[in-house]
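Structure first, then comments.
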Amino acid sequence: MPLVTLRSVLRASLKGNYAVGSFNFFGLENVQGIIKGAANLKAPVIVQASPGAVKHMGEKAICGMVAGLADESGVPVVLHLDHATDYDFICRCIDNGFTSVMIDASRKSLHENIDITSRVVDYASRRGVSVEAELGKVGGSEEEIKVEDKDAYFTNPEDVVTFVKATGIDALAIAVGTIHGFYKSEPKLDFNRIAAIRSLSDIPLVLHGGTGIPDYDLTRAISLGVNKINVGTELWLVGYGNTLKKYASMMPDNSDPRKVMEQVREACMHIVEEKITVFGSVGKA
Ligand SMILES: [Zn+2]
């Protein structure tokens with residue numbers, strides 16, 4: 001089927017009390033594995049490219065590639081731009097066929113965040129594209145966005161109501177104790193905060209930094225109202241990087257590199273299947 005919007009898959013997950021997995025990719029076999037994993041479990045899926053990944057592959061190539069894979073998959077696939085900060089770049093991705101974009105102005109003041117997010121929503125909604133924004137600061141590093149522990153702060157539930165009303169976004173990323181990258185100590189999620197935000201607003205909620213959070217914490221977060229969970233680090237480091245290193249080093253001379261890339265595809269597929277099962281979206285396509 002054709003690519004779908006974030007709004008359409010999250011509306012359903014909000015009603016059904018499950019989360020849709022959002023997985024970062026940087027190349028063909030990588031995204032093939034993600035979509036194949038979702039198709040195997042008849043689950044909706046979000047594939048997301050960071051600005052760095054978009055620059056690596058080119059926005060036209062990404063849109064053509066993912067639209068083709070979605071067509072053949074038989075499950076709803078959203079093509080999402082992750083953590084973009086530049087308005088013109090976001091518009092270019094929308095023009096080329098992304099069905100969802102994230103504007104990350106979380107480092108700015110609430111007022112400035114509302115201002116740029118509203119402008120993105122205005123451009124995107126006229127073209128039938130969904131928008132995710134962020135309130136509070138998720139710690140860790142995500143490409144050029146680095147947030148020191150001391151600078152990370154949690155989402156204020158009161159701001160959510162103001163922000164959602166003022167911007168008209170389709171999904172909101174919240175900072176509740178998760179970080180980007182690997183956790184140095186056991187992650188402590190602020191479940192009361194998730195519940196408080198959910199009690200004030202019915203906006204679909206997004207949890208960033210899904211790698212390394214125990215399954216029972218994810219299940220609890222979903223039961224309290226999280227609808228989209230981002231998984232990046234585990235896919236690029238374990239699924240892609242480690243698999244590539246392992247099989248490439250085992251390759252005999254003059255052998256076919258596709259054999260290595262097939263292993264990357266399989267590894268990514270398995271990670272995605274595990275996550276989708278925890279997220280509760282099996283059979284929700
Ligand atoms: Zn993120």
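Being within 16 Å of the ligand (Cβ to nearest atom) and basic (Lys, Arg) is a property that does not hold for Lys246. Restricting the range 1-25 to residues that are out of contact with any helix residue (DSSP H, G or I) (no Cβ under 6 Å at 6 or more places or on another chain) and among the aliphatic types (A, V, I, L, M), the residue that is surrounded by the most Cβ atoms within 10 Å (Cβ to Cβ) is Val9. Checked against the criterion of being modelled with pLDDT under 95 and in contact with a Pro (Cβ under 8 Å, 6 or more places away or on another chain), the range 163-178 contains one or more residues that satisfy it.
Yes or no: the range 129-136 includes at least one residue that is within 15 Å of the ligand (Cβ to nearest atom), among the small types (Gly, Ala, Ser) and under 17 Å from Gly232 (Cβ atoms). No, the conditions are met nowhere in the range 129-136. Being assigned to a loop (DSSP other than H, G, I, E, B), of a type in the set (Lys, Arg) and over 17 Å from Gly239 (Cα atoms) is a property that does not hold for Lys55. The condition of being out of contact with any Pro (no Cβ under 9 Å at 6 or more places or on another chain), more than 16 Å from the ligand (Cβ to nearest atom), within 20 Å of Thr5 (Cβ to Cβ) and hydrophobic (A, V, I, L, M, F, W, C) holds for only one of Ile114, Ile46, Ile94, Ile103, that being Ile94.
With respect to the conditions (1) free of Cβ contacts under 8 Å to residues at least 40 places away in the same chain; (2) within 17 Å of the chain's Cα centre (by Cα), Ile34 falls short on a single one, namely (1).
The values are calculated or read from the model by the stated rules, or taken from the named source; none is laboratory data. Treat the numbers as computed from the prediction; the structure is a model and nothing was measured. As a convention, Cβ positions derive from the backbone with ideal geometry for all residues, glycine included, and neighbour counts pool all protein chains shown.
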